[in-house]
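Attaching a single structure in structure tokens format; questions to follow.
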Amino acid sequence: MLFSQLLIPTLKESPAEAEVISHKLLMRAGFIRKLTSGVYSYLPLGLMALRKIERIVREEMNAAGAQEVLLPMVQPADLWAESGRLKKYGPELLRFRDRHDRESCLGPTHEEVITDLVRNNIHSYRGLPVNLYQIQTKFRDEIRPRFGLMRGREFIMKDAYSFDASSDAADRSYEAMKYAYHRIFTRCGLRFRAVEADTGTIGGNFSHEFMVLAETGEDTIVICRSCSYAANLEKAACAAPAPASDEMQPAAKVETPGKRKVEAVCEFLGIEPSRLLKTLIYRADGQPVAVLVRGDHEVQPVKLKNALKASEVELATDEECFAATGTPTGYLGPLGLKIPVIADQAVLGMRNFVTGGGEKNFHLTNVNLGRDFTPGQVADLRMVTPGDRCPLCGGELELTRGIEVGHIFKLGIAYSEALNARFLDAEGEMRPFIMGCYGIGVSRVLAAAIEQNHDQDGIVFPLPLAPFKVIVVNLGFADEAVGQAARSLYQALRESGIETLLDDRDERPGSKFKDADLLGIPFRVTVGKRFASGGLVEIRERASGKITELALAEAVERLARLTATD
Ligand code: ATP
Ligand code: MG
């Protein structure tokens, strides 16, 4: 295609509201334009890049045996009432009334619609398994739409839903999707990790988030330096410490007037925070629980919730703490508590530590677990920190940042039960479908690819996602032979099936080079002075800046090799 004929409204400056690099560059390179908060138009180059992602997604979903459908965006509120989500989903669900005063909503996700489709059309185990997917525009009235395509209100998602007759079969459907996702993000040319995510009530390793690794990511993820272990911060586990073996010293009560905070107590007593035991009171489903962690560690509420098998945990207020223990906060300790006590496993590695004294202005020193108190439960409760040990291999854990581009989840029977979606099994019994759901934020993938791949000059597209693989820069405006050579090279590249953009604009070389860099096209071929003097053209690789000069006649073959992808 010709640069002069495409709508590529590049900008010198990025809009003031653009906070992250992908948003800035997508705007500056003329890929997107904002219509209103969280709602964007895709211009030709933006759409081309999106289509690249969609194509890879489609090919891999089809290869995994999923079937493409296209479901309505407008959905009747009744269906959402049936699943119970009309109330639960909250204001992210955009609701409106039609001319007949029927309540409708715009689909933020399609579990209800797909379950309705399947309950009406599949009645027997013979029709299973089935996996249906679509690539479609979603609407979520996000409270804070921001970062351009990263968190829009309107965005493009691939969503797939599997229906199986047994839990084992559902696990196989899940594994097939996990494999397909690995292939998709590998083929997109992205550095990513599949991380274990919290499954809440479902349990097992049946929720993974696919994270594109990028320093600017919103999510913190934990990865092992030595093995493939990766988990999000809510779920990340760490290895238990070696049990303490130092000799126990006699416990003593010390006065610590006004010292309530960890730092203050440690400074006053001249100890490290790792020698202090914090006692925190949480409310788990309304009931008080004492939670013990080392002074330098933090409780991870999701891990606590799972360990207690509670559906909600919340830190208690000072008043609630006092009501549950009779001690003001700051001086709480585990001794003599009348409420359940749960300790983080790291506490097993502590000896002769300090705890609150159970009364105002006092602490206890040389306290020991087993001798002075015994918690009812010990579990892995804390937030992992860098340098902790991997639960699988003992290697060093590292915290890094990622952008969630995909999420796979074994749903079980929650939706099929709620919507009474059942099939006749081989024994003649009616049973609910066992479901899984699998999302990819297609438009977010484009933003994430740029967050991961850019430099100070612009986008550096991974080859498989670039709207064009090659840009031919014609610098032959004063020399017809040069212009002719650029045009014929462009034709020859196109005939070889290489997606090529010809920069045919009568602009200064500098500004053409700047635009080529900004757009992130992987290979730039310049036809200019060196062609006039010696028949040579220059190929420059966007990512490495590597320059190769070669004869025009060799350029097509060389570029065909350089741009080959699977
Ligand atoms: P998040 O935690 O980022 O809000 P989510 O848990 O709401 O994500 P899902 O409901 O699992 O996301 O949606 C599937 C995928 O759709 C996500 O993995 C993400 O890539 C993408 N996605 C979700 N919300 C948005 C949004 N507002 N804009 C763009 N992409 C989104
Ligand atoms: Mg969300």
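How fast does the chain diffuse by Stokes-Einstein, in µm²/s, taking the Kirkwood radius from C-alpha pairs at 4 °C and 1.567 mPa s? Write down the numbers at each step before the final one.
On the way: Rh = 27.6 Å.
Value of D from the Cα-based Kirkwood radius: 47 µm²/s.
Taking 0.36 nm per residue of separation and subtracting the Cα-Cα distance, what length does fully extending Thr36 through Asp168 add?
Values: separation 132, 0.36 × 132 = 47.52 nm, distance 4.55 nm.
Computed gain between Thr36 and Asp168 is 43.0 nm.
Then there is this: What order, most packed first, do the peptides 490-500, 238-248 have when packing is the mean number of other Cβ atoms within 10 Å of each residue?
Working: 490-500: 16.9, 238-248: 12.6.
Ranked from most to least packed, the peptides come out as 490-500, 238-248.
Related question: In nanometres, what is the gap between the two model label sites at Ile271 and Glu103, each 7 Å from Cα along Cα-to-Cβ?
Going by the 7 Å Cα→Cβ label model, 5.7 nm.
Restrict the search to the range 347-436; then list the GluC sites (Glu not before Pro) that DSSP places in a loop and that have at most 10 other Cβ atoms within 10 Å of their Cβ. Show your work: numbers first, answer last.
Working: sites: Glu359, Glu396, Glu398, Glu404, Glu417, Glu427, Glu429; in loops: Glu359, Glu427, Glu429.
Answer in residue order: Glu427, Glu429.
Principal axes first, then extents: for the Cα atoms of the range 468-562, list largest minus smallest coordinate on each axis, whole Å, largest first.
So the extents along the principal axes, rounded to whole Å, are 29, 27, 22.
Take Arg401 and Lys253, extend 7 Å from each Cα along the Cα→Cβ direction, and tell me the distance between the two endpoints in nm.
4.9
Can you pull the Kirkwood radius for the range 155-208, inverse mean 1/r over Cα pairs, to one decimal in Å? Mind showing how you got there, number by number?
Working: mean 1/r = 0.0782 Å⁻¹.
Across the range 155-208, the inverse of the average 1/r is 12.8 Å.
Another one. From the cross-link list Lys24/Lys514; Lys235/Lys261; Lys87/Lys235, which pairs have alpha carbons spaced over 19 Å apart? Please list the in-between numbers first.
On the way: Lys24/Lys514 16 Å; Lys235/Lys261 27 Å; Lys87/Lys235 28 Å.
Listed pairs above 19 Å: Lys235/Lys261; Lys87/Lys235.
Which of the trypsin sites (Lys or Arg not before Pro) found in the range 327-365 are loop residues per DSSP with 15 or fewer other Cβ atoms within 10 Å of their Cβ? Please report the intermediate quantities before stating the final value.
Details: sites: Lys338, Arg351, Lys360; in loops: Lys338, Arg351, Lys360.
When the trypsin sites (Lys or Arg not before Pro) of the range 327-365 are filtered for loop state and at most 15 Cβ neighbours within 10 Å, Lys338, Lys360 remain.
So how tilted is helix 552-562 from the main axis of the chain? Cα-based, degrees 0 to 90, rounded to 10.
The angle comes out near 20 degrees.
With the radius of gyration and the Kirkwood radius both derived from the Cα set of the range 285-341, what is their ratio Rg to Rh? Intermediate values should be presented prior to the final figure.
Numbers: Rg = 11.4 Å, Rh = 12.2 Å.
Rounded to two decimals, Rg/Rh equals 0.93.
Give me the percent relative contact order of the chain, please, defined on Cα pairs under 8 angstrom at least 6 residues apart.
Details: 1210 pairs, mean separation 93.7, N = 566.
Worked out over the chain, it gives 17 percent.
On to the next question. Could you run the Debye sum over the Cα atoms of the range 189-263, one equal point scatterer each and no solvent, and tell me log10 of I(q)/I(0) at q = 0.28 Å⁻¹, two decimals?
-1.36
I've got another one for you. Take each of the peptides 134-144, 209-219, 379-389, average the number of other beta-carbon atoms within 10 Å over its residues, and list them starting from the highest.
Details: 134-144: 16.9, 209-219: 20.8, 379-389: 18.5.
Highest to lowest by the protection proxy: 209-219, 379-389, 134-144.
Here is a further query. Which order do the peptides 20-28, 226-234, 318-326, 444-452 come out in when sorted by mean C-beta neighbours inside 10 angstrom, highest first? List each step's numbers first, then the result.
On the way: 20-28: 23.3, 226-234: 17.8, 318-326: 15.8, 444-452: 27.8.
Ranked by mean Cβ neighbours within 10 Å, highest first: 444-452, 20-28, 226-234, 318-326.
Now a separate question. At 1.4 Å probe size, put Lys158, Lys546 in order of accessible surface, largest to smallest. Intermediate values should be presented prior to the final figure.
Working: Lys158 0, Lys546 130 Å².
Most to least solvent-accessible, the answer reads Lys546, Lys158.
Length gain on complete extension for the stretch Asp246 to Thr220, per 0.36 nm per residue less the alpha carbon to alpha carbon distance?
Working: separation 26, 0.36 × 26 = 9.36 nm, distance 3.57 nm.
Full extension from Asp246 to Thr220 adds 5.8 nm.
How much length is gained on full extension from Arg183 to Gln5, taking 0.36 nm per residue of separation minus their Cα-Cα distance? Before the final figure, lay out the partial values.
Numbers: separation 178, 0.36 × 178 = 64.08 nm, distance 3.54 nm.
The span from Arg183 to Gln5 would gain 60.5 nm if fully extended.
Per the Debye formula with a single identical scatterer at each Cα and no solvent contribution, what log10 I(q)/I(0) holds for the range 252-379 at q = 0.10, 0.20 Å⁻¹?
Relative scattering, expressed as log10 I(q)/I(0), comes to -0.27, -1.14.
Measure nothing but the geometry: give the 0 to 90° angle between the long axis through the Cα atoms of 44-63 and the longest principal axis through the Cα atoms of the chain, rounded to 10°.
60
Using just the helices of the chain, give the 222 nm mean residue ellipticity in deg cm²/dmol: DSSP H runs with n ≥ 4 each add -39,500 (n - 2.57), and the total is spread over all residues, rounded to 500. Write down the numbers at each step before the final one.
On the way: 15 runs with 155 residues, N = 566.
Computed ellipticity for the chain at 222 nm equals -8000 deg cm²/dmol.
If you line up the long axis of helix 442-452 against the longest principal axis of the chain, both from Cα atoms, how many degrees apart are they, to the nearest 10?
For helix 442-452, the angle is close to 90 degrees.
Give, rounded to the nearest 20 debye, the magnitude of the charge dipole that the chain has about its Cα centre when Lys and Arg contribute +1 at Cβ and Asp and Glu contribute -1 at Cβ. Present the calculation step by step, with values, prior to reporting the outcome.
On the way: 70 positive and 76 negative charges, 133 e Å.
For this selection, approximately 640 debye.
The values are calculated or read from the model by the stated rules, or taken from the named source; none is laboratory data. These numbers come from a predicted model, not from an experiment. Here Cβ is always computed from backbone atoms with ideal geometry, including for glycine, and neighbour counts include all displayed protein chains. Each accessible area value is taken on the protein alone, full model and side chains, heavy atoms only, with ligands, DNA and RNA left out. Shrake-Rupley method; radii C 1.70, N 1.55, O 1.52, S 1.80 Å.
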